[in-house]
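J.: Below are the structure tokens for one structure; questions will follow.
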Amino acid sequence: MKKLSILFALALSFLAAGNLSAQSKYGADSAECIKYLSFYQDYMKQGNLDGADPVWQKAISLCPPTASQNMLLDGMKILRKKINKFRNNPIRKETLVDSLMMLHEMRIATYPRYAVTAKTNKAMDMMTFASKGKEKEVFDVLGDAMDTAKEKTAIVIPVRYMSYANDLYKAGTMSGEEVMAAYTKAYETAELIEKAKPSQAVTDAKKDIENLLMISGVASCENLVDMFTPRYEANPEDKYMLGNLISMFSASNCLDEDLFVKAVESMHKLEPSHNSAYLLYKLYSQRNQHTEAIVYMEEAIATCGDSLVNQAADYCLEFGTYCFKSAGKDAKAVEAAKKAAELNPAIAGKAYLLAGTIWGSQKCQGNEIETRAPYWVAVDFLTKAKNADEALTEEANNLISQYRKYFPLKSEAFMFDLLDGATYTVSCNGLRESTKVRTQD
């Protein structure tokens, strides 16, 4: 029975508060109430919480909560110390925690002017002292604190709120939809706090909340689109929001979403770089939107600058392959391959091999010479390829052997006044190169 004494005293205090209609704020026995209030406060002034404890318990049993807000606050100090004292005694600790929570409820109900502080303190104590298995109760208390405090919420509360949501989801007692709702509430509260009083701590907290959502595993592409669409539409130039959107969509592999592409484009406009241009090229190329892909890859190459020559060369080689194999832009493909070889000799062999393959694939209109001349150019590039990169010799020679079969006969060339070794300009399908005449017997 002893371990329930504080709870019993608190119940009496609540009862006294409910019967105050014709009494003073000190209750039915105001003299005794005031006496014990004074007695226990003497101990508190001395910092003697252990000495104050039994006298305070007498005061709380005699006095309604209206008698003194300090009576409730002092009781909380006493109980916190006792909870720590009995932390290894689960039954005793739980009773004391229940008593502490009842004090918070008394303060919230009796002193609504201090509701923000009271609910915040209750939330903090719940996080500190609640036993295992009370996670849902803590979660609800944190949510209630945010509802009341709004922009005055302590920033730790929305972060922990989201953390508890994750724990409840993992335990199977909260649905994915509820976790998403918890995220929205936590993040919006953090934004209110930030708007009222910006700080690095709040910025970090917002990131923590987003990371917790990603860890939870409930952030489907559909959920992310629903969550970020109103934010994007409200302020498409908010770099912080755009960065988070891009990061979260990337982590969830939601790169096909239109909103993700819009966000990357918005970020690119605000902070253009070869990286963001290249990302947009990749996004649009995967969508087979070749016009947009080409524009962004050309921008990526152009913005590399002198300090990133090798990066520009790699872009050019990739761009040439894309234009040839996917976009049907053979002239651009050869141009890109030649530029790649010029920028970085280390990849010149691959670049020339690509150019030779492109020329060897051309189907040109015209006479016997005009239709076969592209093979001369193809062999020129393939010869350059094996000379630039010995590892490509076998592949280049195989293609050269195939293309030489299509060289015109000497008799055919003679009919057009062409001799071996003569300079000849090949123009076909937008491609143009100068080469040498070669024939077969």
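The values are calculated or read from the model by the stated rules, or taken from the named source; none is laboratory data. Fair warning: this is a prediction, and the values are worked out from it, not measured in the lab. Cβ sites come from the backbone with ideal geometry, for glycine too, and all protein chains shown count toward neighbours.
J.: Does the stretch 155-168 contain any residue that is free of Cβ contacts under 8 Å to residues at least 60 places away in the same chain, crowded, with 21+ Cβ neighbours inside 10 Å, farther than 18 Å from A201 by Cα and not assigned by TED's automatic domain parsing to the domain that holds T66?
T.: yes
J.: Quick check on this structure: which one of S273, S285 is small (G, A, S), on the phi < 0 side of the Ramachandran plot, out of contact with any Leu (no Cβ under 6 Å at 6 or more places or on another chain) and surrounded by fewer than 18 Cβ atoms within 10 Å (Cβ to Cβ)?
T.: S273
J.: Take E188 and tell me if it is within 25 Å of Y240 (Cα to Cα), surrounded by fewer than 20 Cβ atoms within 10 Å (Cβ to Cβ) and under 16 Å from the mean Cα position of the chain (by Cα). Spell out how you get there, then give the answer.
T.: On the way: within 25 Å of Y240 (Cα to Cα): yes; surrounded by fewer than 20 Cβ atoms within 10 Å (Cβ to Cβ): yes; under 16 Å from the mean Cα position of the chain (by Cα): yes.
It is true that E188 is within 25 Å of Y240 (Cα to Cα), surrounded by fewer than 20 Cβ atoms within 10 Å (Cβ to Cβ) and under 16 Å from the mean Cα position of the chain (by Cα).
J.: Taking the stretch 101-127 only, how many residues are without any contact (Cβ under 8 Å) to a residue 24 or more places away in the chain and either closer than 28 Å to D204 by Cα or touching a Pro at 6+ places or on another chain (Cβ under 9 Å) (or both)?
T.: 3
J.: Please find, among D380, D417, D306, the residue that is touching a strand residue (DSSP E or B) at 6+ places or on another chain (Cβ under 9 Å) and either of a type in the set (D, E, K, R) or at positive phi (or both).
T.: The conditions single out D380.
J.: So how many residues does the stretch 396-428 have that are exposed (fewer than 13 other Cβ atoms within 10 Å of the Cβ) and not in a helix (DSSP H, G or I)?
T.: Of the residues in the stretch 396-428, 8 are exposed (fewer than 13 other Cβ atoms within 10 Å of the Cβ) and not in a helix (DSSP H, G or I).
J.: Identify all residues within the stretch 189-202 that are part of a helix (DSSP H, G or I) and more than 24 Å from T128 (Cα to Cα); write none if there are none.
T.: Of all residues in the stretch 189-202, those part of a helix (DSSP H, G or I) come to 189-196, 200-202.
Scanning the stretch 189-202 gives E191, L192, E194, K195, A196, Q200.
J.: Which pairs turn up if I take residues in the stretch 410-436 that are more than 30 Å from G328 (Cα to Cα) and look for partners that are part of a strand (DSSP E or B) with beta carbon separation below 9 Å, at least 6 apart in sequence or on another chain?
T.: Short answer, once both residue conditions are applied: K410/Q440; L418/Y424; D420/K436; G421/K436; A422/K436.
J.: Name the single residue, out of those in the stretch 172-183 being buried (at least 16 other Cβ atoms within 10 Å of the Cβ) and assigned to a helix (DSSP H, G or I), that is nearest to the chain's Cα centre (by Cα).
T.: Filtering the stretch 172-183 for residues buried (at least 16 other Cβ atoms within 10 Å of the Cβ) gives 174, 179-180, 182-183.
From the residues that got through so far, the ones that are assigned to a helix (DSSP H, G or I) too are 179-180, 182-183.
Working: V179: 16, M180: 14, A182: 17, Y183: 13 Å.
Restricting to residues being buried (at least 16 other Cβ atoms within 10 Å of the Cβ) and assigned to a helix (DSSP H, G or I), the top hit is Y183.
J.: Only helices (runs of 4 or more DSSP H) wholly contained in the stretch 316-395 count here; list those with 2 or more residues that are outside the structural domain of L409 (by TED's automatic domain parsing).
T.: 330-343, 348-360
J.: Sticking with this structure for a sec: Among the listed residues Y169, Y161, Y240, Y232, identify the single one that is of a type outside the set (A, V, I, L, M, F, W, C), under 13 Å from the mean Cα position of the chain (by Cα) and part of a helix (DSSP H, G or I).
T.: On the way: Y169 fails: under 13 Å from the mean Cα position of the chain (by Cα); Y161 fails: under 13 Å from the mean Cα position of the chain (by Cα); Y232 fails: under 13 Å from the mean Cα position of the chain (by Cα).
Checking each option against the conditions leaves just Y240.
J.: Of the residues E233, E298, E265, E292, which is free of Cβ contacts under 8 Å to residues at least 24 places away in the same chain, of a type in the set (D, E, K, R) and buried (at least 18 other Cβ atoms within 10 Å of the Cβ)? If you could, list the steps in order and put the result at the bottom.
T.: Working: E233 fails: buried (at least 18 other Cβ atoms within 10 Å of the Cβ); E298 fails: buried (at least 18 other Cβ atoms within 10 Å of the Cβ); E292 fails: buried (at least 18 other Cβ atoms within 10 Å of the Cβ).
Of the residues listed, the single one that is free of Cβ contacts under 8 Å to residues at least 24 places away in the same chain, of a type in the set (D, E, K, R) and buried (at least 18 other Cβ atoms within 10 Å of the Cβ) is E265.
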